[in-house]
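Undergrad: Below are the structure tokens for one structure; questions will follow.
The values are calculated or read from the model by the stated rules, or taken from the named source; none is laboratory data. Computed from a predicted model, the values in this text were never measured in an experiment. Cβ sites come from the backbone with ideal geometry, for glycine too, and all protein chains shown count toward neighbours. Ligands, DNA and RNA are stripped out before the accessible areas are found, and what is left, the full protein with its side chains, is counted by its heavy atoms. Shrake-Rupley method; radii C 1.70, N 1.55, O 1.52, S 1.80 Å.
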Amino acid sequence: MILSQKAPSRSSSLYEQTYLALRSAILSGDIAADERLIETQLADQLEVSRTPVREAIRRLQQESLIQVDSDGGLYIVKLSLKDAIKLYDCRIALERLAVLEACEHATPHHLQKIEQNLVLAEAAAKASPSAQGNPTVDSIRLLELSCEFHQLIAKSSGNSWIVSLLDQISQKITLIRVQTLKGLDQLIDIDTEHRQIYEAIARRDSAAAEQQMVNHLRSSQARIVEVFKQAELATQASFNSRTKCPRCGSFEISRNGRRAGRQNYLCKACGRQFLEYGIFPNG
């Protein structure tokens, strides 16, 4: 977990800035899904006291981004395939309304902002050579631009309730996509679908815009389902090679910070802590 570059600004509420820093780290994937969140470590990395960290964590729990696990530790919420399907069903209902209202209420300024987003996304989707000569794509940047595209459409609808409700759903979907991101080709395909939606809105063609939006989100839902299935197969294939507790042999473990430059783990079955190898007692 790397939070040093996300230290809160002292120009506004310390609690608010701490919350935004942690939220950003969660939604960008800087904090791994199986990494235990420890208040003292977060406070040290963000250079704040434990109070704003504790308040930020409480708010993130209310937003269902952080949960208390069976071992009593704090972890990022891991959403299931069923959660993903239901969230997309809700998103489709809201976004088809958003795009219909955008066709009616979007101003030239709104359209310009959406088009600028598309240009940036299309540029980010173009592979550039890395030091090793292999193409690289900034997948996190593409995810950010994808979320922004839908936010801009919601804002252009003129309905603030849609914006607020979609923001809650989008946080969960962003979390799912960061935790399950596999193929960059899927993200590049999304840019093509986004442009089709934009062009329909620009023409004020509400029927086409609605259909393009529904098709786009149904395709995204199908992609997520496929990624979940692939992840399940990969998990089964690598079951025997996973890190396990050297005391009881359980695979039910979680990350618990780092010590001496190595990963520290906590066994949920027997409660023992251990580094990459070897056991040391709790307390």
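Undergrad: What does the extension gain come out to for residue 206 and residue 62, with contour length at 0.36 nm per residue minus their alpha carbon separation?
TA: On the way: separation 144, 0.36 × 144 = 51.84 nm, distance 3.59 nm.
Contour length minus Cα-Cα distance gives 48.3 nm.
Undergrad: Calculate the FRET efficiency for residue 90 and residue 264 from the Cβ-Cβ distance with a Förster distance of 25 Å, rounded to the nearest 0.05.
TA: It comes to 0.10.
Undergrad: Can you tell me which lysines have their Cα less than 21 Å from the Cα of residue 244? Leave out same-chain residues fewer than eight positions away.
TA: Here the lysines satisfying the reach criterion relative to residue 244 are 78, 268.
Undergrad: I've got another one for you. For the pair residue 218 and residue 41, how long in nm is the line joining their label points, each one 7 Å along Cα→Cβ?
TA: Placing both labels 7 Å beyond Cα along the Cβ direction yields 4.4 nm.
Undergrad: Ranked by accessible surface with a 1.4 Å probe, highest first, in what order do 156, 70, 164 come? Intermediate values should be presented prior to the final figure.
TA: On the way: 156 0, 70 105, 164 55 Å².
Listed by decreasing accessible area, they come as 70, 164, 156.
Undergrad: Quick one: length gained pulling residue 83 to residue 168 fully straight, 0.36 nm per residue minus the C-alpha distance?
TA: The residue 83-residue 168 span can extend by a further 29.2 nm.
Undergrad: Can you tell me the length gained on complete extension of the stretch residue 192 to residue 229, counting 0.36 nm per residue apart and subtracting the Cα distance?
TA: 10.8 nm
Undergrad: Could I have the simple spin-label model distance between residue 104 and residue 252, label points 7 Å from Cα toward Cβ, reported in nm to one decimal?
TA: Taking the two extended label points, one gets 5.3 nm.
Undergrad: Provide the FRET efficiency to the nearest 0.05 for the residue 199-residue 161 pair, computing r from the beta carbons and using R0 = 45 Å. Don't skip to the answer; put the middle values down first.
TA: Working: r = 26 Å, r/R0 = 0.59.
That gives a FRET efficiency of 0.95.
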